[in-house]
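All remarks here apply to the structure that follows.
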Amino acid sequence: MKKSLLLIITSIFILILAACSNDSSTNEGSTTTEKETDSEYPIVIKHAFGETTIDEKPERVATIAWANHDVVLALGVVPVGFSAANYGIQDDSGLLPWTADKLKELGEENPNVYQDTDGLDFEAIADSTPDVILAAYSGITQEEYDTLSQIAPVVPYEETPWVTPWRDQVLLNAKGMGMEEEGKKIRYR
């Protein structure tokens, strides 16, 4: 009797696991379909300050705050400018070891790094002439968003400053670059 009960419970457990794995495959398929419509321009991205419209694929991408440049680099693009790391062990120009390694891999020897420990350097950001400014993981204010928006379209966090989970940050920044499908590949690595 005990063996039969154990067999039944085990069978039910296996069926539940199988059902769960089928759901994840279905979700991945629907994500691809969503991407196909999102890759058309203009792209409209909703966020904490309203929405940003990107009329065409950006060629010159700038980032501000922590880790946003990592997404751009992971997608094989060298930002025209990005914030120096103000944490961890960094070199004289504010690069963390993995950032320096990736820049070298992509052939960039003289990156444009903003020193923004005391606040955003709007002049340096404007001088980089970006087509888009990525800030999915940041703490920018409405005033900073408005100022940055005079330079280029800005993709900030969706709801709350400094709490965008890394997977959402990857997708939001990749979408702002017109590379959402590539961002999904990074997200699910």
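The values are calculated or read from the model by the stated rules, or taken from the named source; none is laboratory data. Not measured: the values here are computed from a predicted model. Because the Cβ atoms are built from the backbone with ideal geometry, glycine has one as well, and the counts that use them run over all protein chains shown.
Among residues of segment 102-124 that are under 12 Å from Ala65 (Cα atoms), those with a beta-carbon under 7 Å from a residue that is among the charged types (D, E, K, R) at least six positions away or on a different chain give the pairs Tyr114/Asp121; Gln115/Asp121; Leu120/Glu144.
Checking the condition at pLDDT 90 or above and part of a loop (DSSP other than H, G, I, E, B), which residue from Glu123, Glu108 passes?
Working: Glu123 fails: part of a loop (DSSP other than H, G, I, E, B).
Exactly one residue qualifies, and that residue is Glu108.
For segment 121-139, the count of residues that are of a type in the set (S, T, N, Q) and over 15 Å from the mean Cα position of the chain (by Cα) is at least one. Free of Cβ contacts under 8 Å to residues at least 60 places away in the same chain, closer than 20 Å to Gly176 by Cβ and aromatic (Phe, Trp, Tyr), is that true of Tyr137? Spelling it out, it is not the case that Tyr137 is free of Cβ contacts under 8 Å to residues at least 60 places away in the same chain, closer than 20 Å to Gly176 by Cβ and aromatic (Phe, Trp, Tyr). Screening Gln150 with (1) within 19 Å of the chain's Cα centre (by Cα); (2) surrounded by fewer than 15 Cβ atoms within 10 Å (Cβ to Cβ) gives one miss only, at (1).
The set of residues in segment 90-107 being out of contact with any helix residue (DSSP H, G or I) (no Cβ under 9 Å at 6 or more places or on another chain) and small (Gly, Ala, Ser) consists of Gly94, Ala100, Gly107. The number of residues in segment 158-189 being under 12 Å from Leu75 (Cα atoms) and acidic (Asp, Glu) comes to 3. Taken over segment 132-189, the residue count meeting the criterion of being among the acidic types (Asp, Glu) and in contact with a Lys or Arg (Cβ under 6 Å, 6 or more places away or on another chain) is 2.
Any chance segment 94-105 includes a residue that's in a loop (DSSP other than H, G, I, E, B), over 19 Å from the mean Cα position of the chain (by Cα) and not charged (D, E, K, R)? For segment 94-105, residues in a loop (DSSP other than H, G, I, E, B), over 19 Å from the mean Cα position of the chain (by Cα) and not charged (D, E, K, R): present. Going through (1) modelled with pLDDT of 50 or more; (2) more than 30 Å from Ala152 (Cα to Cα); (3) of a type in the set (Val, Ile, Thr) one by one, Thr10 falls short only on (1).
When residues in segment 138-155 are screened for being farther than 16 Å from Ile43 by Cα, out of contact with any helix residue (DSSP H, G or I) (no Cβ under 8 Å at 6 or more places or on another chain) and in a loop (DSSP other than H, G, I, E, B), 3 of them pass.
Among the residues making up segment 156-175, those that are surrounded by 15 or more Cβ atoms within 10 Å (Cβ to Cβ), outside any loop (DSSP other than H, G, I, E, B), out of contact with any strand residue (DSSP E or B) (no Cβ under 8 Å at 6 or more places or on another chain) and touching a residue at least 24 places away in the same chain (Cβ under 8 Å) are Asp168, Gln169, Val170, Ala174.
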